[in-house]
Amino acid sequence: MLYQTYQFHDDLVAPQREAARYALAMLTAQPWSFATKAAQHAAALCEMITRFELSHVRPDFGIKKVQVGDRKVPVREEIALDLPFGNLLHFVREPAALPKSQENPPKALLVAPMSGHYATLLRGTVRAMLRDHDVYITDWTDAREVPLIAGKFALDDYIEYLITFIRAIGPDVHVVAVCQPGPAALAAAAIMAEDGDPLIPASLTLMGSPIDTRKSPTTPNELATSQPLDWFESNVIYNVPFGYPGYMRRVYPGFMQLTGFMTMNLERHFEAHVKLYDNLVKGDGDSVDQHRKFYDEYLSVMDMTAEFYLDTIKRVFQDHDLPDGNFSWRGRKVDPAAITKTALMTVEGENDDISGIGQTQAAHDLCPNIPDDMQLDYIQPNVGHYGVFNGSRWRNEIQPKVAKFMAMAGREAAKRAPMKAAAE
């Protein structure tokens, strides 16, 4: 009943939000109406009321142009593959506007987490990578929008989606998994290696990923192991309410995930909203815009399927299947040691409070047959979890290193191509 109660409450306060929007529009319609201090406080209060809501609407990426060398290159979005639980989204840079050095750019698949937020949370990640790469992203669908007829979506299905996306992009793709999908991306690469798949990724970059959560455990890791699996199933899994395409689908609701994230830093979020009120009264437009952009994204939530969530809790956080050598896919054992031709890079943040130091590095121990010169472990000083894949440190320090590593992996893949052709 919790999901229904949440929806009822949201519907109940919707008229108050609309009234606040109308009042805000009236207060700011004419310059003279906003001149008094009382009007400024009233307008600030109205905006605060309008922002008292969560959204299940996917924000836009909004990337219309990107700087490539000395040129501004137009960008458009295309759905390269449309599947029930997620699309393969392609950011197409206008070919005619690209410099000659980018006529045949490396292809990169950015694997976004399915953890309560839309893939648009990686907007900054995409924008930085578009400087050097032909970028694709996994654009996951809100589970409450997927009808029951589409079936279930567990961790094994997630891995199958990744393999399908990699094959759809074609040869020599570079896979970058951000946070949660690290284990799934590593498993996908291992499965393709075991099968001798010619479309195996040229490189795999894991960023702040929970490969082995026993190393430097964090608060989220401890929460995932604090209760048995049936507790999670009984206390955080609910049916989608009537009125949505996914009616009666069992999900871990996005509003519950967001509540958990915000509770970890409740004081910081409270202070941010106090500052917003003050900046609205002062008319500090730049600070207000920054707050709006961040929280418009942060408060846009999506549900994940119950089976995927419970699989992840059990197999990644509680049983540690991957580092213990017990990971399986569709009933077959998955062995990362089978990976020999995919270069591996791991990136961690020194101050990461979601995936602690060593959790992502553990991937190197699981892949002993990748040559040493095709492996790189990097720890970024002075950044937390979000800073690993977004912000100035990502743009100016981490992404250039990732691009350089991919270039190396691409050269190694090119060397193998003539050898393969000769063998055939």
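All told, D372 meets the bar of being assigned by TED's automatic domain parsing to the domain that holds I163, out of contact with any Lys or Arg (no Cβ under 9 Å at 6 or more places or on another chain) and surrounded by fewer than 16 Cβ atoms within 10 Å (Cβ to Cβ).
crowded, with 19+ Cβ neighbours inside 10 Å and out of contact with any Gly (no Cβ under 6 Å at 6 or more places or on another chain): is that true of L199 in this structure? Spelling it out, it is not the case that L199 is crowded, with 19+ Cβ neighbours inside 10 Å and out of contact with any Gly (no Cβ under 6 Å at 6 or more places or on another chain). Scanning segment 341-356 for residues that are closer than 28 Å to M192 by Cα and touching a His at 6+ places or on another chain (Cβ under 7 Å) returns L344, T346, S355. Of all residues in segment 211-234, those that are free of Cβ contacts under 8 Å to residues at least 40 places away in the same chain, part of a loop (DSSP other than H, G, I, E, B) and among the hydroxyl-bearing types (S, T, Y) total 1. When segment 131-160 is examined, which residues are found to be of a type in the set (V, I, T) and closer than 24 Å to R395 by Cα? Listed by number, the residues that qualify are V135, I137, T138. Residues in segment 130-153: is at least one within 23 Å of I200 (Cβ to Cβ), touching a Pro at 6+ places or on another chain (Cβ under 6 Å) and not in a loop (DSSP other than H, G, I, E, B)? The answer is yes; a qualifying residue exists.
Within segment 235-253, the set of residues being surrounded by fewer than 19 Cβ atoms within 10 Å (Cβ to Cβ) and in a strand (DSSP E or B) comprises N239 only. Among the residues of segment 175-186, is any more than 21 Å from A409 (Cβ to Cβ) and assigned by TED's automatic domain parsing to the domain that holds N369? Yes. Criterion first (surrounded by fewer than 23 Cβ atoms within 10 Å (Cβ to Cβ), of a type in the set (A, V, I, L, M) and out of contact with any helix residue (DSSP H, G or I) (no Cβ under 6 Å at 6 or more places or on another chain)) does A168 satisfy it? Considered against the rule, which asks whether it is surrounded by fewer than 23 Cβ atoms within 10 Å (Cβ to Cβ), of a type in the set (A, V, I, L, M) and out of contact with any helix residue (DSSP H, G or I) (no Cβ under 6 Å at 6 or more places or on another chain), A168 comes out as yes.
The residue list P105, P113 contains one member that is out of contact with any Lys or Arg (no Cβ under 7 Å at 6 or more places or on another chain), crowded, with 18+ Cβ neighbours inside 10 Å and not hydrophobic (A, V, I, L, M, F, W, C), which is P113.
The set of residues in segment 159-213 that are over 22 Å from D132 (Cα atoms) and hydroxyl-bearing (S, T, Y) comprises Y161, T164, S209, T213. The set of residues in segment 374-397 being in a helix (DSSP H, G or I), over 17 Å from the mean Cα position of the chain (by Cα) and either within 21 Å of V173 (Cβ to Cβ) or among the basic types (K, R) (or both) consists of M374, R393. Looking only at segment 309-354, count every residue that is among the polar types (S, T, N, Q) and part of a helix (DSSP H, G or I) and tell me the total. Matching residues across segment 309-354 total 2.
This table checks each residue for (1) more than 23 Å from G208 (Cβ to Cβ); (2) touching a Lys or Arg at 6+ places or on another chain (Cβ under 7 Å).
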position	(1), (2)
D139	no, no
L148	yes, yes
G151	yes, no
L155	no, yes
R167	yes, no
P171	yes, no
Q180	no, no
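Scanning segment 355-373 for residues that are among the hydrophobic types (A, V, I, L, M, F, W, C) and in a loop (DSSP other than H, G, I, E, B) yields I357, C367, I370.
The values are calculated or read from the model by the stated rules, or taken from the named source; none is laboratory data. What you see is a predicted model; the values in this text were computed from it and never measured. All Cβ positions, even for glycine, are placed from backbone atoms using ideal geometry, and neighbour counts span all protein chains on display.
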